Amino acid sequence: MNYESPKLIFKNIPSGKIGWCSPSNIALVKYWGKKGLQLPSNPSLSFTLNKSQTETIIDFSPAENNKCNISFFLEGIPNTKFAEKISGFFSRIINIFPFLDQLDIKIYSKNTFPHSAGIASSASGMSALALALCDIENQYFESFSTEKEFFRKASYVARLGSGSACRSIYGGLVNWGKAEGINNSSDYFGHEIRDNINPVFEDFQDSILIIDAGQKKVSSTIGHNLMKTNPFSSGRFIQANKNLQSLLSAVKYGDLEEFVRIVELEALTLHSMMMTSSPYFLLMKPQTISVIEKIWEYRKETNVPVCFTLDAGPNIHMLYPYDYKERVIDFINTELIKYTVNNSVIHDRVGSGPAKIAI
Ligand code: 2P0
């Protein structure tokens, strides 16, 4: 699979603005471990979120010295750290978009969730950027004959920016990574699962409890690489494939008990991989464990099918069907809010994917 296209060079270099808004996603089956050029060691599955989004506008003009000059503004403020990160990303994709060296680029990015909320913004940010780049290509080179081709390339490019970003290109339930029984699944781009989804999952809720809003202690890239030497990795990759199959079946038949079991097993396995890497690390906080125990107690007492999952951090995502929204929010407000920083909870839900910004 290769998107290198040396012909994508402007004859007349344009100026313009293009923007996309793209959501974050929460993995149900976790991607943890990669090989080659951002290829996953196991397939993953996620829900695309609705509220937690990044809006990115690219303002481009002819380059002054045949080399793409990048400036990056986060919430309107210049950010050189991000500009350097994007510059590294652009050097990885210059053969895919050779026209980039003909442009000077200003990137204006803002998140709809608080920057300090500890929510990963790399998936939403990199997917929004990839969509904007493909849109420049679409506008000036007309190289996509279908929408499907456009989004597939955007997902491929987003993956090169950040693995999990390739899943944010699509709404609903999204797979990334070659998996048995999923037609068109690929290690190179995300794939929207549309069929065999019980309606209960279509408006699933995700209440995100912010336990710690600080910067990540360990970058995901380092965490992924540690899987290369983790003694349990081969077993983990087999387990992820199995869990994916079981989860797809639970989603098809609306089996909430099995859904809860696999989602929590995946979250705890992800963290156990971090705890057994060398060097090892622990990203859960005491409050994370307290909330998990409270959720287990509550589920046992009430039979409400609410479960938790975790990203590579201490914050808790509580997943539950729409019909239980009032009850779960009440439970959060009375019993769990005290474990969060400044009462921070984001009540999000499954969303329909990215959208172009009208400029
Ligand atoms: C996931 N995570 O599937 C897993 C579970 C976090 C926990 O993918 O190095 O930012 O940019 O490919 O995608 C976070 O890692 O890592 C992640 P890179 P990414 O969502």
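The values are calculated or read from the model by the stated rules, or taken from the named source; none is laboratory data. Computed from a predicted structure; not experimentally measured. With ideal geometry, Cβ positions are generated from the backbone for all residues, glycine too; neighbour counts draw on all protein chains shown. The area values use the complete protein model at the heavy-atom level, side chains included, leaving out ligands, DNA and RNA. Shrake-Rupley method; radii C 1.70, N 1.55, O 1.52, S 1.80 Å.
How many of the residues making up the range 210-231 are more than 8 Å from the ligand (Cβ to nearest atom), assigned to a helix (DSSP H, G or I) and either modelled with pLDDT of 95 or more or not assigned by TED's automatic domain parsing to the domain that holds Lys325 (or both)? Before the answer, list the steps.
Going residue by residue through the range 210-231, those that are more than 8 Å from the ligand (Cβ to nearest atom) are 210-218, 222, 225-231.
After this cut, where a residue has to be assigned to a helix (DSSP H, G or I) as well, the list is 222, 225-226.
Cutting the leftovers down to either modelled with pLDDT of 95 or more or not assigned by TED's automatic domain parsing to the domain that holds Lys325 (or both) gives us 225-226.
Here the count works out to 2.
Quick check on the range 147-156. Is at least one of its residues surrounded by 20 or more Cβ atoms within 10 Å (Cβ to Cβ), within 15 Å of the ligand (Cβ to nearest atom) and free of Cβ contacts under 8 Å to residues at least 60 places away in the same chain? Give the derivation first.
From the range 147-156, those surrounded by 20 or more Cβ atoms within 10 Å (Cβ to Cβ) are 151-156; that's our starting set.
Applying the additional criterion that residues be within 15 Å of the ligand (Cβ to nearest atom) yields 155-156.
Still in the running and free of Cβ contacts under 8 Å to residues at least 60 places away in the same chain: 155.
There is at least one residue in the range 147-156 that is surrounded by 20 or more Cβ atoms within 10 Å (Cβ to Cβ), within 15 Å of the ligand (Cβ to nearest atom) and free of Cβ contacts under 8 Å to residues at least 60 places away in the same chain.
Considering each residue of the range 182-196, count those that are open to solvent by 40 Å² or more (accessible area, probe 1.4 Å) and away from the ligand (no atom under 15 Å from the Cβ), and give that number.
6
Return yes or no: is Ser207 on the phi < 0 side of the Ramachandran plot, outside the structural domain of Thr221 (by TED's automatic domain parsing) and not aromatic (Phe, Trp, Tyr)? Spell out how you get there, then give the answer.
Details: on the phi < 0 side of the Ramachandran plot: yes; outside the structural domain of Thr221 (by TED's automatic domain parsing): no; not aromatic (Phe, Trp, Tyr): yes.
For Ser207, the condition - on the phi < 0 side of the Ramachandran plot, outside the structural domain of Thr221 (by TED's automatic domain parsing) and not aromatic (Phe, Trp, Tyr) - is not met.
Would you mind stating whether Thr221 is under 17 Å from Tyr31 (Cβ atoms) and touching a residue at least 60 places away in the same chain (Cβ under 8 Å)? Break it down into steps so the answer makes sense when it comes.
Values: under 17 Å from Tyr31 (Cβ atoms): yes; touching a residue at least 60 places away in the same chain (Cβ under 8 Å): no.
When the stated conditions are applied, Thr221 does not pass them.
Evaluate the range 316-329: report whether one residue or more is more than 30 Å from Trp20 (Cβ to Cβ), open to solvent by less than 60 Å² (accessible area, probe 1.4 Å) and touching a strand residue (DSSP E or B) at 6+ places or on another chain (Cβ under 6 Å).
Yes - at least one qualifying residue is present in the range 316-329.
Glu142 passes all but one of (1) without any contact (Cβ under 8 Å) to a residue 40 or more places away in the chain; (2) within 16 Å of the ligand (Cβ to nearest atom); (3) charged (D, E, K, R); which number fails?
(2)
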